[in-house]
1. Size of the dipole of segment 206-337 about the Cα centre, Lys and Arg at +1 and Asp and Glu at -1 on the beta carbon, nothing else charged, in debye to 20?
2. Expressed as a whole number of Å, what is the distance separating the alpha-carbon centroids of segment 1-36 and segment 61-93?
3. About the Cα centre, and with charges only on the beta carbon of Lys, Arg (+1) and Asp, Glu (-1), how big is the dipole of the chain? Nearest 20 debye, please.
4. Residues of segment 198-239: accessible area per residue at 1.4 Å, in Å²?
5. Put +1 on the Cβ of every Lys and Arg and -1 on every Asp and Glu Cβ in segment 204-337; which of ASN262, PRO296, VAL207 then has its Cα farthest towards the positive end of the dipole?
6. Over segment 65-147, average the accessible area per residue using a 1.4 Å probe and give it in Å², no decimals.
7. Probe radius 1.4 Å, ligands and nucleic acids ignored: give me the carbon and sulfur share of the accessible area of the chain as a rounded percent.
8. Based on the mean of other beta carbon atoms within 10 Å per residue, what is the order of 122-134, 271-283, most packed first?
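The values are calculated or read from the model by the stated rules, or taken from the named source; none is laboratory data. Everything numeric in this text was worked out from a predicted model, so none of it was measured. Every residue, glycine as well, gets a Cβ built from its backbone with ideal geometry; the counts of neighbours run over all protein chains shown. Please note that ligands, DNA and RNA were not included when accessible areas were found on the heavy atoms of the full protein model with its side chains. Shrake-Rupley method; radii C 1.70, N 1.55, O 1.52, S 1.80 Å.
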Amino acid sequence: MKILITGGAGFIGGNFVHYMTKEHPEYEILVLDKLTYAGNLETLAPVMDRIKFVKGDIADREAVFGLFKAENPDIVVNFAAESHVDRSIEDPGIFLRTNIIGTQTLMDACREFGIKRYHQVSTDEVYGDLPLDRPDMFFTEETPLHTSSPYSASKASADLLVQAYYRTYNLPVTISRCSNNYGPYHFPEKLIPLMIANALNDKPLPVYGKGENIRDWLYVEDHCKAIDLIIHKGREGEVYNIGGHNEMRNIDIVKLICKELNKPESLITYVTDRKGHDLRYAIDPQKIHSELGWLPETKFEDGIKKTIKWYLNNRSWWEPIITGEYIDYYEKMYGNR
Ligand code: NAD
Ligand code: TYD
């Protein structure tokens, strides 16, 4: 079995490559990644001798068709995306190109060269948000798509295209919509790694608004396990929600990180809220549990400790990232906030 993993030098894609080399040592693993600011070959260094890496853009038709012709993968798992909501608010165009046109290009190649399964890695953000005062409400696979940011709109557009390719061309597809992930190799522009990196450097911890927004956090390895199950046992044409019933307010996460690192809460700085900021995400994972037997295995208390330990032990992975272009980004986003 040959599996093409796009976006495999990013956070979740990279963890998935590590996971697949362990769980399916007999598989041929091919990674296609453009190596944008979010892609990092260091993430793949421990498994580089087990995989084939190709630098390329999923929206580049010639490159993608050339790769499929040469390699003929059996399974495609598409992680490649522009993934940061704040960046999408500043500059939506690249989100539309990569997340929508990139998905179309990959699926066109799948149609042309044949495929056993195309899997689209999507997000719970396609459902919009839930009110803070209705803890009884959850996203199911039937919840209507209702997006808030250019990022989530581009991901929802891609999901609709994937479903259209299933209905129109019978392309064997599946879609997963996961809640917020955390764990090793997470780029330090996202909440948890940013707060860990800033706290370790005794820098302010910028909390948007009042910090009351809620996310449903899942340890990245549990997400990888869910995708492995879906690509092998999931039903074609189906959407599977993935989440661990682990809702937390942002402020509580930041305080927990301060406590674990023995840093003062006085580092916390409340800054101007994100435009259109989604209030609460919460997944109902009943379908993947009852159909595929998936359940999250890592409790948040353990996962966050493991993650913090990883950042403490792997400064050589993240310290070189928070220089150069990252400093310009940080200044632009947080300088006058
Ligand atoms: P990430 O930003 O860490 O990584 C994205 C990767 O895609 C990078 O390696 C980047 O170089 C690559 N890439 C970007 N544009 C590309 C292009 N045009 N062609 C080829 N490669 C390209 O993202 P992530 O957090 O690992 O997210 C992976 C996927 O999971 C995304 O599709 C995202 O929407 C989805 N998702 C993320 C989360 C989360 O909490 N991070 C939750 C649910 C779903
Ligand atoms: P993020 O990690 O960007 O994921 P998403 O917006 O896709 O859920 O943000 C998680 C939450 O943390 C979100 O409510 C925004 C908030 N946040 C901050 O308060 N400060 C920050 O510096 C960042 C990056 C996020």
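1. Details: 20 positive and 22 negative charges, 74 e Å.
Charge dipole of segment 206-337: 360 debye, to the nearest 20.
2. With segment 61-93 and segment 1-36 each reduced to a Cα centre, they are spaced 13 Å.
3. 240
4. 34
5. Selected residue: ASN262.
6. On the way: 3410 Å² over 83 residues.
Normalised by residue count, the accessible surface of segment 65-147 is 41 Å².
7. 50
8. Order by mean packing, descending: 122-134, 271-283.
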